[in-house]
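What follows is a short report on a single structure.
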Amino acid sequence: MKRVIFTQKGGVGKSSIAVNLAAIAAKEGRKTLLIDLDPQCNASRYLAGDAASALAPTLADFFRKSLEFHFYPTPDIEYVHPTPFDNLFLIPSHPEIGDLQSKLESRHKIYKLRDSLNKLSEEFAEIIIDTPPAYNFFSQSALIAADVCLIPFDCDEFSRQALYTLLRNLQEIQADHNPGLRIEGIVVNQFQARASVPQRLVGQLIEEKLPLLNTKLSSSVKMRESHGLNLPLIHMDARHKLSREFVELYRELQA
């Protein structure tokens with residue numbers, strides 16, 4: 001299973017969702033690979049802390065290699081790094097991948113990630129891809145490579161308007177590049193059950209029959225603590241409400 005976590009709006013918890021779902025899958029005994037496609041490297045730092053900047057090779061090396069004339073897509077296990085957590089592995093990002101984007105686009109390298117992940121899926125039970133908050137070469141590469149797409153949604157009007165554009169872009173990817181791509185659903189993140197705006201926006205999404213998942217992820221300072229400790233919630237405090245919600249989300253996605 002290759003799952004991409006994608007939204008075109010920043011600050012909605014995309015990397016946090018990717019890392020925590022990957023950590024739960026690994027804790028369930030499934031050999032899991034997290035791929036950080038975001039030049040900001042947040043998912044890489046979440047798992048590896050300050051050591052993330054020293055990891056090599058990275059996705060920048062992969063994409064640089066793809067620009068070489070004699071590039072052959074192979075299950076490049078050399079890019080895969082272990083993490084402190086059993087069954088959880090990482091292909092880290094690097095800020096330099098942003099500098100490669102125009103060259104990759106001009107050389108039509110958008111299928112290279114798909115080709116390599118098809119090979120790596122023979123090695124890993126689950127592959128989870130974190131993307132930049134933009135509809136660009138890297139997020140499109142991930143959507144072309146993925147089996148399913150999970151969409152984080154933050155409860156504000158800007159997120160709602162961005163959601164419609166995102167769904168149109170997903171339809172374009174399905175029509176032109178990846179007809180097998182399935183939208184798993186929209187997961188509401190940083191949800192405040194007692195606030196009127198989140199309740200209204202969620203109600204509107206339901207009325208519009210958008211694929212809203214039942215599980216909602218609460219807003220909690222525990223997430224920031226998790227980032228600071230470089231510990232996914234399931235390893236930091238498995239009994240916490242937000243940890244249990246992530247497990248519930250994982251179960252819903254597996255159903």
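Readers should treat all values here as calculations from the given coordinates under stated rules, not as data from a laboratory. No experiment lies behind these values; they were computed from the predicted model shown. Cβ sites come from the backbone with ideal geometry, for glycine too, and all protein chains shown count toward neighbours.
Per-structure values
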| read-out | value |
| --- | --- |
| Cα→Cβ-extended label distance, 7 Å offset, between residue 214 and residue 254, nm | 1.6 |
| Ranking of 122, 225 by count of other Cβ atoms within 10 Å, fewest first | 122, 225 |
| Packing rank of 51-58, 125-132, 185-192, where each peptide gets the mean count of other beta carbons within 10 Å, highest leading | 125-132, 185-192, 51-58 |
| Proximal lysines to residue 112, defined as alpha-carbon separation beneath 17 angstrom and excluding residues fewer than eight positions away on the same chain | 2, 65, 103 |
| Axial C-alpha extent at least 24 Å, average Kyte-Doolittle at least -1.0 - helices from the chain (DSSP) | 157-176 |
| Difference of contour (0.36 nm per residue) and Cα-Cα distance, residue 236 to residue 28 | 73.3 nm |
| Extended-chain gain in nm, criterion 0.36 nm per residue less alpha-carbon gap, residue 76 and residue 105 | 8.3 nm |
| Charge dipole (segment 7-254, unit charges on Cβ, about Cα centre) - positive-most of 66, 102, 235 | 235 |
| Fully extended contour minus Cα-Cα distance, from residue 171 to residue 61, at 0.36 nm per residue | 36.5 nm |
| Neighbour-count order for 209, 216, 14, 222, fewest beta carbons within 10 angstrom listed first | 209, 222, 216, 14 |
| Ranked list, fewest to most other Cβ atoms within 10 Å of each Cβ, for 244, 200 | 200, 244 |
